[in-house]
1. Among the residues of the stretch 90-112, write down those that are outside any strand (DSSP E or B) and surrounded by fewer than 16 Cβ atoms within 10 Å (Cβ to Cβ).
2. If a residue must be without any contact (Cβ under 8 Å) to a residue 40 or more places away in the chain, in a loop (DSSP other than H, G, I, E, B) and closer than 22 Å to THR89 by Cα, how many such residues does the stretch 61-75 contain?
3. Just need a number here: residues in the stretch 76-86 that are part of a loop (DSSP other than H, G, I, E, B) and over 12 Å from SER100 (Cα atoms).
4. Within the bounds of the stretch 39-60, is there any residue that is assigned to a loop (DSSP other than H, G, I, E, B), at pLDDT below 95 and either touching a helix residue (DSSP H, G or I) at 6+ places or on another chain (Cβ under 8 Å) or β-branched (Val, Ile, Thr) (or both)?
5. Within the stretch 76-133, how many residues are in contact (Cβ under 8 Å) with a residue 40 or more places away in the chain, out of contact with any Ser or Thr (no Cβ under 6 Å at 6 or more places or on another chain) and within 21 Å of ALA45 (Cα to Cα)?
6. Looking only at the stretch 113-145, count how many residues are acidic (Asp, Glu) and surrounded by 13 or more Cβ atoms within 10 Å (Cβ to Cβ).
Amino acid sequence: MRISTLIAPALLLGAVLTGCSEDQPTPTNTAVESAIKVTVSEAGAPPYELKEARLIDASYQTGAPRLSLSGKLSGGKTLTLYFSKGTATTAYTTNALTSSLEGAPGANESGTTTYDTKTRIASGQFRTTFTGVGEIVGSFPEIQL
């Protein structure tokens with residue numbers, strides 16, 4: 001009887017200890033796929049697709065059309081673009097741009113977007129300048145809203 005009272009806890013302890021593994025799960029490097037396609041060129045370099053590009057906000061159904069998007073440049077810094085209704089715009093267009101790179105404001109900003117009410121597609125182009133990066137020029141031919 002005494003042996004069985006010692007063996008049962010020993011077997012239980014052995015099962016628990018062998019079931020515990022110190023192996024850590026291997027992290028996988030999964031790149032975040034872009035939800036939209038935005039092509040950019042930094043300081044005259046060849047164009048490439050903005051990484052992790054995504055639509056933040058868009059509305060063309062009111063008297064104040066707007067579209068905001070963000071993505072990462074080749075160096076990993078986040079570019080954010082805010083298109084809005086400027087002066088003398090037609091319906092479903094924007095012609096004012098505010099931009100930021102990691103929170104720092106852009107300069108010499110210009111950009112436009114157009115929204116097609118039938119296809120529900122927005123397209124646009126932009127140009128902005130940042131200290132340390134230079135001029136960034138880009139476009140997006142088709143963002144489904």
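1. THR90, ALA91, TYR92, GLU102, GLY103
2. Looking only at that region, the number is 4.
3. 3
4. Scanning the stretch 39-60 turns up no residue that is assigned to a loop (DSSP other than H, G, I, E, B), at pLDDT below 95 and either touching a helix residue (DSSP H, G or I) at 6+ places or on another chain (Cβ under 8 Å) or β-branched (Val, Ile, Thr) (or both).
5. Matching residues across the stretch 76-133 total 4.
6. Residues in the stretch 113-145 being acidic (Asp, Glu) and surrounded by 13 or more Cβ atoms within 10 Å (Cβ to Cβ): 2 in total.
The values are calculated or read from the model by the stated rules, or taken from the named source; none is laboratory data. Since we're looking at a predicted model, the values are computed, not measured. So basically every Cβ, Gly included, is an ideal-geometry build from the backbone, and we count neighbours across all protein chains shown.
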